[in-house]
Amino acid sequence: MTAAPDLARETALRRPAAFVDRDGVLNHDDGYIGTWERIRWIPGVAAGIARLNRAGYFVFLISNQSGVARGYFSAQDVEAVHARMRQELAAQGARIDDVRYCPFHPEAAVAQYRRISDWRKPAPGMILDLMRAWPVERAGSFLIGDKPTDLQAASAAGLPGYLFPGGDLDEFVRDCLARQMPQSG
């Protein structure tokens, strides 16, 4: 008997999601960034994420982080960077609702991270996990990435993906949202 109210509440809370890659979309891809000091924001990041928030989207950060598997930095280092990113963006009125990252790589130097993982893009595992954990409405959801593997992950999850070429992220997000709007007439 309690399942129906829970289902009704979840249905009422359902909304689309924007899945956003980290390196090359939120911050410059300077190679294996494991410390906050190495983060260089892409122009328009806070404004772009805030635009998604105002449009009613969940915003999820998804990122391959093979630097953990390669022994360049720890999983705790990645989590600290993500926490600081979320904090800095929140201070500017932009909210990232949740984060997933893949520390695994099939040729890892660190044995505990040496494996094939369905979370490692181009596989869709991070996206699918977030869609199970949150009341995501598939219709209207999309991914922004900077590499073909990002778009392949989106396609494997049944979502459109948009390739960010660099520049101002807010302008790019505006264009993505316009493409997601249903065509009238």
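Observations on the model:
- Filtered residue count, region 90-115, keeping only those that are buried (at least 19 other Cβ atoms within 10 Å of the Cβ), in a loop (DSSP other than H, G, I, E, B) and among the hydrophobic types (A, V, I, L, M, F, W, C): 3
- Only one of the numbered conditions (1) within 24 Å of residue 30 (Cα to Cα); (2) open to solvent by 30 Å² or more (accessible area, probe 1.4 Å) is not met by residue 118, and that is (1).
- Summed over region 124-157, residues that are open to solvent by 50 Å² or more (accessible area, probe 1.4 Å), assigned to a loop (DSSP other than H, G, I, E, B) and not aromatic (Phe, Trp, Tyr) total 4.
- Close pairs from region 16-39: first among the polar types (S, T, N, Q), partner part of a strand (DSSP E or B), Cβ under 8 Å, at least 6 apart: 27/41
- Residue within region 3-13 that is of a type in the set (Asp, Glu) and modelled with pLDDT of 95 or more present: no
- Number of the exception - residue 56 against (1) at positive phi; (2) open to solvent by 60 Å² or more (accessible area, probe 1.4 Å): (2)
The values are calculated or read from the model by the stated rules, or taken from the named source; none is laboratory data. This is a predicted model, so every value here is computed, not measured. Neighbour counts run over all protein chains shown; Cβ positions are idealised from the backbone, glycine included. Just the protein is used for accessible areas: all its heavy atoms, side chains included, with ligands, DNA and RNA removed. Shrake-Rupley method; radii C 1.70, N 1.55, O 1.52, S 1.80 Å.
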